[in-house]
Each structure stands twice: as C-alpha cells, then as structure tokens.
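**Student:** Pasting a structure below so you can have a look.
The values are calculated or read from the model by the stated rules, or taken from the named source; none is laboratory data. Remember, predicted model here, so these are calculated numbers, not experimental data. Note that each Cβ is placed from the backbone with ideal geometry, even for glycine, and that neighbours are counted across all protein chains shown.
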Amino acid sequence: MRKKVGIIACSGEELLGGTLSRAAARIVVEKLRSQETIILCAPLFAAGGLERHGGQEERNFAKEHPTITIEGCEEECAKIAVDKYSGPPAATIYIQKYIDAHPELKSISRESLGEEGMKLAEIIAEDIAKKVDELFIRK
Ligand code: SF4
C-alpha cells in the first residue's frame, strides 16, 4: 500500500503567511492530491500530551511517513515541532518566498485572502503537490 504524505501547515493567526499556509494545505489535501496526502494538525502535534485528541498519533504518523511543513514566517514553527517529535520533514515550504515572488497577487487581509490571495495559495499548493509527487517517485 502506498504511504501517505503528512502536510503540516503553521498555525499562525497573526500573519498573512499563516492564512496562506493553511489555504495552500487545504487545496493540496482536498483538491490536488487527495489520495496521497493527509493534514496533520500543527498545534496538536506540538502538544502531543493531549492524548485524547490524538496528539501522539500525529507524532507517530509523522515518524512513519514523509512530511511536508509549510511555514508562515521564518520562525519555522511547524518544522521545529516535526523535527523535535518525529524527525526531519522531507520538505519545507516558505510562504514568504511566494509573497515576494508574486507582488501582483495581493491578499485582502489575513482573515480573508480574496481572489488574488487564493490564486497565490493555489500557486503554492501546486508546488507542494510537485513535492508530494517527488516523494512518491523517490520511494
Ligand atoms: S511559523 Fe510564523 S506565522 Fe507560523 S506559527 Fe510560527 S511564528 Fe506564527
């Protein structure tokens, strides 16, 4: 059976990068690579002691499957948590790189990305989907 890739988006609510990271993750898991990927919850991952919410399960899954983290800023919270509890992620996506590369696509706000922000999230999601494909090819 093919293994799934775990997608872990940063949980930042204060920065646009956090909103974009979660929007891109949803597009990958719900639309582009629904059979190959699963979302892992970043806060639950970091707080693995919350057994009844499955935090330890998230960590165990990430130990046994490749993971891709998506970072809303340079703090790399998702990467640090995965690295600490389950081992290094297979790939890390930095949202700022895409914001800088596409100044023409302006999100309305961090609460509402709007049409252009969603377009940017789709561009990011396409790149994540390519990384997923690479991980399957590498197997
Ligand atoms: S990576 Fe940045 S935006 Fe995301 S949770 Fe950490 S500090 Fe917040």
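**Student:** What are the residues in the stretch 5-20 that are in contact with a strand residue (DSSP E or B) (Cβ under 7 Å, 6 or more places away or on another chain) and more than 7 Å from the ligand (Cβ to nearest atom), if any? Give the steps one after another, and end with the answer.
**Tutor:** Residues of the stretch 5-20 in contact with a strand residue (DSSP E or B) (Cβ under 7 Å, 6 or more places away or on another chain): 5-10.
Within the stretch 5-20, Val5, Gly6, Ile7, Ile8, Ala9 qualify.
**Student:** Say whether the condition of being exposed (fewer than 15 other Cβ atoms within 10 Å of the Cβ), at pLDDT 85 or above and in contact with a Ser or Thr (Cβ under 7 Å, 6 or more places away or on another chain) is met by at least one residue in the stretch 3-15. Please lay out each step first, then the result.
**Tutor:** Step one: list which residues in the stretch 3-15 are exposed (fewer than 15 other Cβ atoms within 10 Å of the Cβ), which gives 3, 13-14.
With at pLDDT 85 or above added as a condition, the list becomes 13-14.
Remaining after also requiring in contact with a Ser or Thr (Cβ under 7 Å, 6 or more places away or on another chain): none.
The answer is no; no qualifying residue exists.
**Student:** Based on this model, can you work out whether Ser86 counts as modelled with pLDDT under 95 and within 19 Å of Leu16 (Cβ to Cβ)? Quick ask: steps written out before the conclusion?
**Tutor:** On the way: modelled with pLDDT under 95: yes; within 19 Å of Leu16 (Cβ to Cβ): no.
The answer is no for Ser86.
**Student:** Got a sec? Which helices (runs of 4 or more DSSP H) wholly within the stretch 25-132 have at least 3 residues that are more than 16 Å from the ligand (Cβ to nearest atom)?
**Tutor:** Working: elements: 42-46, 55-64, 77-86, 95-101.
Those helices (runs of 4 or more DSSP H) span 55-64.
**Student:** Does the stretch 87-122 hold any residues that are without any contact (Cβ under 8 Å) to a residue 40 or more places away in the chain, surrounded by 17 or more Cβ atoms within 10 Å (Cβ to Cβ) and not aromatic (Phe, Trp, Tyr), and which are they?
**Tutor:** Restricting attention to the stretch 87-122, the residues satisfying the condition of being without any contact (Cβ under 8 Å) to a residue 40 or more places away in the chain are 87-88, 92, 94, 97, 100-106, 108, 112, 114-116, 119.
Okay, now just the ones that are also surrounded by 17 or more Cβ atoms within 10 Å (Cβ to Cβ), so 92, 94, 105.
Across the stretch 87-122, the qualifying residues are Thr92, Leu105.
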